[in-house]
Amino acid sequence: MGSRERRAKVLEAIVRDYVSTREPVGSRSIVERYDLGVSPATIRNDMAALEEAGLIHQPHTSAGRVPTDQGYRQFVDSLDSIKPLSAPERRAVRKLLEGAVDLDDVVERAVRALAQVTRQVAVVQYPSLQRVSLRHVEFVLAGARYVILLIVTEAGRVEQRTLRLELDVDSDDLADLGRRFNAQLVGLRLADIAPSLEAILGESPERLRTVVESVGGAILDVLRAVNEERIVMAGAANLSRHSFDFANSISPVLDVLEEQVALLRILAAMQEGVCVSIGEENRYEELAEASVVSSTYDVADQSVARLGVVGPTRMDYPGTMSAVHAISRYLSDILSNR
């Protein structure tokens with residue numbers, strides 16, 4: 001084993017032991033716990049080199065070392081793959097996610113599962129209609145000149161509105177309108193809806209054009225409202241378990257987490273797939289002692305939103321990345337098959 005490879009192993013040992021124990025890691029414990037085939041003196045030399053490179057540092061007067069943000073980053077970048085969840089973890093996730101009745105229920109269950117498995121603060125972003133297409137439009141006659149409009153998105157979100165029309169329509173008229181709207185709109189995203197509504201208006205019978213205008217306007221209003229970015233959070237109390245990992249207070253972190261706009265910006269800055277932002281890499285000063293692990297999730301093979309966790313930089317990165325990746329896949333499968 002060359003010195004570079006051994007130093008990578010030493011850094012990994014320091015990260016894993018410090019995350020596990022929160023105690024600074026010394027050369028003797030590395031020799032005792034890891035079979036690196038060298039003496040404590042060699043390990044001390046390796047640690048000196050890692051410290052000079054800015055990957056570890058010595059807190060206070062302790063003889064041991066702890067990782068820096070750069071050390072965590074090198075460790076995360078060195079991971080060859082994302083390990084699968086353990087069998088008990090998979091069972092727990094499946095139990096939490098099975099049986100969801102609608103999109104809200106799916107998202108709520110996913111964020112609770114993520115918080116439970118990682119023991120961190122979990123966030124899940126709702127699918128955006130900028131990326132999710134329309135699945136179905138339905139009209140239900142609800143009395144004289146009243147129609148219930150049902151809109152279903154590809155992610156399974158159902159929105160309902162009651163419309164008062166300017167003229168009488170019957171079930172045959174509504175069936176005809178349903179065919180026209182679904183033929184033109186199904187599979188389209190929000191940005192592409194308006195031109196198709198114009199086409200429907202132009203092709204509709206003259207006597208129904210005011211109805212088409214009312215319905216088309218209502219559909220756009222509903223989709224624009226649904227398209228507002230939303231985030232669900234769970235496990236904020238988990239931060240109190242890690243309060244000793246923050247030099248000052250967890251309050252600034254909680255303040256950021258309470259701002260949906262801030263959370264959306266944090267997630268938007270993350271790359272596709274599983275992504276990790278560590279300490280000072282975060283765009284908010286309040287998260288300088290925190291890490292964010294996130295992943296995109298898909299609907300019908302289209303990346304539509306993100307989920308993730310926020311916790312201290314002293315985090316089990318392999319385990320957290322595994323949980324985030326697994327739950328993003330579960331969420332993708334559930335939403336794509338609804």
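Some notes on this structure:
- Rolling a 1.4 Å probe over the protein heavy atoms gives segment 189-338 an accessible area of 44 Å² per residue.
- Largest accessible area first, the residues K95, K83, K9 order themselves as K95, K83, K9 under a 1.4 Å probe with ligands, DNA and RNA left out.
- Accessible surface, 1.4 Å probe, highest first, among residues D172, D255: D172, D255
- Gaussian network model of the chain, Cα within-10 Å springs - most flexible of T68, T153, T21: T21
- Apportionment of accessible area to carbon and sulfur, segment 1-75, percent (1.4 Å): 44
- Dipole of the chain, positive direction: furthest Cα of A236, F246, V137, with charges on the beta-carbon: F246
- Charge dipole (debye, nearest 20) of the chain; +1 at Cβ of Lys and Arg, -1 at Cβ of Asp and Glu: 1160
- Surface share of carbon and sulfur [accessible, 1.4 angstrom probe, percent] for segment 162-253: 48
- Across the options V31, V304, S291, the greatest Cα extent toward the positive end of the charge dipole of the chain (unit charges at beta carbon of Lys, Arg, Asp, Glu) belongs to V31.
- 222 nm mean residue ellipticity, helices alone, for the chain (DSSP H n ≥ 4; -39,500 (n - 2.57); rounded to 500): -15000 deg cm²/dmol
- Loop-resident sites, segment 193-251, for trypsin sites (Lys or Arg not before Pro), counting at most 16 other Cβ within 10 Å (DSSP): R230
- DSSP H segments from the chain that extend 24 Å or more along their own axis, Cα-based, with Kyte-Doolittle mean of -1.0 or above: 3-21, 209-226, 317-336
- Segment 68-132, accessible area per residue, ligands and nucleic acids excluded (1.4 Å, Å²): 49
- Potential extension, D170-H60 segment - 0.36 nm per residue separation minus Cα distance: 31.6 nm
- Three semi-axes of the equivalent ellipsoid, segment 103-175, Cα gyration tensor, whole Å, largest first: 38, 12, 9
- A crude spin-label estimate for the pair R145 and R283, with each label 7 Å from Cα along the Cβ direction, gives 4.9 nm.
- Kirkwood analysis of segment 177-223, using all unique Cα-Cα pairs, places the hydrodynamic radius at 10.6 Å.
- Alpha carbon convex hull of segment 208-328, projected area averaged over orientations, nm²: 9.4
- Relative counts (whole %) of C-alpha pair distances in segment 201-275, using bins that are 5 Å wide: 3, 11, 13, 12, 13, 9, 6, 6, 7, 6, 4, 3, 2, 1, 0
- Its relative contact order, with pairs defined as Cα atoms under 8 Å and 6+ residues apart, puts the chain at 19 percent.
- In terms of overall dimensions, the C-alpha atoms belonging to the chain reach 91, 36, 33 Å along their principal axes, ordered largest to smallest.
- Using only alpha-carbon positions in segment 24-123, the gyration tensor eigenvalues give semi-axes of 41, 16, 12 Å once each is multiplied by 5 and square-rooted (largest first).
- Values of log10 I(q)/I(0) for segment 288-338 across q = 0.23 Å⁻¹ run -0.78, by the Debye formula with one identical scatterer at each alpha carbon and no solvent.
The values are calculated or read from the model by the stated rules, or taken from the named source; none is laboratory data. Everything numeric in this text was worked out from a predicted model, so none of it was measured. Cβ atoms come from the backbone with ideal geometry, glycine included; neighbour counts cover every protein chain shown. These accessible areas exclude ligands, DNA and RNA; they are computed on the full protein's heavy atoms, side chains included. Shrake-Rupley method; radii C 1.70, N 1.55, O 1.52, S 1.80 Å.
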